[in-house]
Structure formats: structure tokens, C-alpha cells
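Below you'll find the structure, written out as C-alpha cells, and then a few comments.
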């Protein structure tokens, strides 16, 4: 009899988490969501290396410029159906061009424009410490990998009516954190920060062998709504 009681007790203990998880699941939500976002991107351009036939010739100090844009993410929240506080999503983002003027004798002789677009696969871990429904505020941490499309353009039309433009496709990554405020179980306000690396921006000057290259990174603040279905 004692063996049966011990076995029954162990079975009850082992089964309890499964019962709790089943009870915590929300059958009214599929887990899929859409999240439009506003993006503020404070971009850092590293030292510009100027080379001829891949041999370094000169360098120009880097710069820090702001850009703005928007993003749209389509994702899946694993908590409603699987009781796992993980979200996965695909996000596309577009940013306006960050501009830098080059001057000589107090006159602008050229303008460099750098526009960055990205596609990221992101993963977030929702840190709901108080438990479901205890607080509408849910902090999270996350990271992502993807590709960055960097278009670099040098406008010198004021003098010789020639524009140089190059588009570079790079591996990109990001890491960040944020907080969501749940108005309802379907709608949440999402505000986050992330650091992103976009890779190298290159600018070529055909038909010459001259090439300019610099690394691009950004501190980004994103804010938007998340609609879960």
C-alpha cells in the first residue's frame, strides 16, 4: 500500500506542471501578431577608408547622424498556445537617408547620403515576472540576425553634375530590450531599444579604381502597437 501511495504522490507531483500549463493556455488567441513600428535610428559611421586597387590611400573621420523610418513585423507569440514566453518574428524596416556635407572654404562641395533598410529574424523573451494577468507591463529582451541593404550616394552635381551611387548587401545583427503595456490581451503598446550592426557601406567612383568604405552601426528606439490574433 505504501508503494502505491508513493507512486500516486509522484504521479500527482509530476502531473501538476502539465495541468498548470494547460490551464494557462489561452484558446482564444492563435498567437500570430502584426506590429507596425516607428523607428528612430542614431547611426554611427566609422572612419572612412579611401583606397585605390584595395591599397589604402587616405581616411576621413567618421560621423554620427540621425535617421527616421518605419518597420512592420509579423510574428508568433508562443505563450497563448504553448505557455512559453517566447516571441519570434520577421521584421522589415526602412530608414530615411542620413546626410553628411563636405565643405571647402565654407562652401558645401558634396553631400553624402546613406540609406539603410533591413530584414531581421528576431527572437524575444518576455520577462513576465509577476505572472499572467498580474501586471499589464511586460519587459523583454531580444536579439536578431538578418540582412542590411545600404545605399551610399555622393552628390556633386553643384560642380560636375555627376552622382556616384553604390548599394551594398551585408549580414546584420541586433540586440536589445524593451517593455510592452497590454491594453487588452489582443493589443499592446511596445517600446524598445536596440543596438544594430549593419556592416560596411561602400562607395565606388567609376571608371576610376577609387573606393571609399566605412562601417555602419546604430542605436535605435522603436515604438508601436502589437496586435495579437
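The values are calculated or read from the model by the stated rules, or taken from the named source; none is laboratory data. This structure is a prediction, so every number in the text was calculated from the model and none was measured. In this analysis, Cβ positions are derived from the backbone assuming ideal geometry, glycine residues included, and neighbour counts consider all displayed protein chains.
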Does residue 201 count as surrounded by 14 or more Cβ atoms within 10 Å (Cβ to Cβ), in a strand (DSSP E or B) and at pLDDT below 95?
yes
Expected single match for in a strand (DSSP E or B), at pLDDT 80 or above and more than 15 Å from residue 217 (Cα to Cα) among 108, 166 is 166
Within the range 133-163, restricting to residues that are surrounded by 12 or more Cβ atoms within 10 Å (Cβ to Cβ), touching a strand residue (DSSP E or B) at 6+ places or on another chain (Cβ under 7 Å) and assigned to a loop (DSSP other than H, G, I, E, B), the one that is modelled with the lowest pLDDT is 156
For the range 76-105 the number of residues that are over 19 Å from the mean Cα position of the chain (by Cα), in a strand (DSSP E or B) and closer than 23 Å to residue 26 by Cβ is 0
Those residues of the range 181-229 which are without any contact (Cβ under 8 Å) to a residue 60 or more places away in the chain and under 16 Å from the mean Cα position of the chain (by Cα) amount to 191, 192, 193, 194, 195, 197, 199
